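Right, one structure below, let's go through it.
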Amino acid sequence: MRHIFLKPGRERPVLNGHPWIFSGAIATIEGDHESIGVADVLNDKQQWIARGLYNPKSQIRVRVLTWDKEPINRDFFSRRMAHALALRENYLSPTTTAYRLINGEGDFIPGLIVDRYNDFLVCQFFTSGIDFFKQDIVAALSDLVSAKGVFERSEGRVRDEEGIGPSVGILSGDAPPELIPIEENGYKFLVDVRRGQKTGFFLDQRDNRALLSALARGQTVLNCFSYSGAFSVYALGGGANKVISLDSSKPALELAEQHLALNGFATEQSELLKADAFTYLNECDTSFDLVILDPPSLAHKRNDVSAATGGYKFLNLHALQHIHPGGLLFTFSCSQHLSVDLFQKVVFGAAVDAGRKVTILKRLGPPIDHPVSLHHPEGEYLKGLVLRVLD
Ligand code: SAH
């Protein structure tokens, strides 16, 4: 067993439940300090505090899994997963067959994301520590959920920072079909878990789509950054007159077209537009009753925040200029590094520059299958505002 001794005074956040221990908080390491695996964390007085996963290559040296002296094995992951599954089974609607089953730190399994798409599970192992336990995790998942297959989509910047490359493919059971059919609040969608963005569908917007649907009757809607058109389907389901789905990705729009047909909406009610949202909003000469802005994260790192605020301001300013008096703006940011307060300030700046008077009708966030640990506020990323324009 490896022992990590913290510097004096550095144990408080860990005792308070924060799962990340940065290299700068560590005084010494006893035992193997070169390989990835389980480590015990002790304070400078040699008192045991927590147990977690150690990665010598990551700035986050340890990700704490438990504050009890329990073994880290398949049973441990089974218990954590059962706790996570109970939340979803107890509170999600039976007309929803796709949800986030494991939300990393928010389900006390740092580094692991598992999305359920009907009979298939899609995993993302973001850290080398959790990657180390892949077999146990897949076994624990198979014990818990009777899935036809488990697929892996472990890719992206976080893995690079952890010193591990991408890993994509079947982990157990059957290969998923090219498009997995799912239902969300009774609406039908198809998920491409191999080539789709993230794990194939933006499950985190489910509740916000339902709210949009409730406000869409009779409206003309511009859905910017539409991806596969989920907001568009809900808008038409709620009685919108017309929806434009705008995205820069052709495959996303092709899927959006299928989704609109699958849910029975007439093609004349819907327009698909392959465009850059920034250019379109800047050059657009029509106005809408309702605009949705759900851009990809514009700030991937803390240092990107000031540049990103410029992007968010541009989008919101130009969107607000194209909303009829009394119309609505659903505006989002999924940048973890942009706080709720800063996002609101940016949107305020946009409203002032657009010369519009605006009220906040609602603040938005992710649904209950995306829990955030109270002890790890960094896990909070999706924020949104429903705004109403006066004149
Ligand atoms: N609202 C969607 C998710 C949006 S994800 C949903 O509920 O499913 C962000 C989308 O923005 C992606 O589909 C991506 O292709 C698109 N995108 C990224 N940059 C863009 C740009 N400059 N203009 C238009 N679309 C863009």
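Let's see how each residue does on (1) among the aliphatic types (A, V, I, L, M); (2) under 22 Å from PRO325 (Cβ atoms); (3) open to solvent by 30 Å² or more (accessible area, probe 1.4 Å); (4) at pLDDT below 95:
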residue	(1), (2), (3), (4)
ALA230	yes, no, no, no
VAL243	yes, yes, no, no
THR279	no, no, yes, no
ASP285	no, yes, yes, yes
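Among the residues making up segment 97-126, a single one is of a type in the set (Val, Ile, Thr) and either at pLDDT below 95 or in contact with a Phe, Trp or Tyr (Cβ under 6 Å, 6 or more places away or on another chain) (or both): VAL122. All told, SER306 meets the bar of being more than 22 Å from SER248 (Cα to Cα), among the hydroxyl-bearing types (Ser, Thr, Tyr) and modelled with pLDDT under 95. Whether a residue is away from the ligand (no atom under 13 Å from the Cβ) and in contact with a Leu (Cβ under 6 Å, 6 or more places away or on another chain) was assessed, and SER245 does not pass this test. Is there a residue being polar (S, T, N, Q) and modelled with pLDDT under 95 anywhere in segment 18-35? Yes, segment 18-35 contains a residue that is polar (S, T, N, Q) and modelled with pLDDT under 95.
With respect to (1) surrounded by fewer than 19 Cβ atoms within 10 Å (Cβ to Cβ); (2) on the phi < 0 side of the Ramachandran plot, the lone exception for GLY218 is condition (2).
Selection within segment 24-54: residues that are touching a Pro at 6+ places or on another chain (Cβ under 9 Å) and among the polar types (S, T, N, Q). The member of this set that is nearest to PHE76 (Cα to Cα) is SER35. All of (1) open to solvent by less than 60 Å² (accessible area, probe 1.4 Å); (2) more than 15 Å from the ligand (Cβ to nearest atom); (3) at pLDDT 95 or above hold for LEU255 with one exception: (2). For the criterion of being at positive phi and either in a helix (DSSP H, G or I) or modelled with pLDDT of 95 or more (or both), GLY349 fails.
Is there any pair with a first residue in segment 287-301 that is closer than 20 Å to GLU378 by Cβ and within 12 Å of the ligand (Cβ to nearest atom) and a second that is part of a loop (DSSP other than H, G, I, E, B) and not small (Gly, Ala, Ser) whose Cβ atoms are under 6 Å apart and which are 6 or more apart or on different chains, and what are they? Taking only residues 6 or more apart or on different chains, the pairs are SER297/CYS334.
The values are calculated or read from the model by the stated rules, or taken from the named source; none is laboratory data. Just so it is clear, the structure is predicted and the values come from calculations on it, not from any experiment. Using ideal geometry, Cβ is built from the backbone for each residue, glycine included, and neighbour counts are taken over all protein chains shown. Side chains are part of the model used for accessible areas, which takes the heavy atoms of the whole protein and leaves out ligands, DNA and RNA. Shrake-Rupley method; radii C 1.70, N 1.55, O 1.52, S 1.80 Å.
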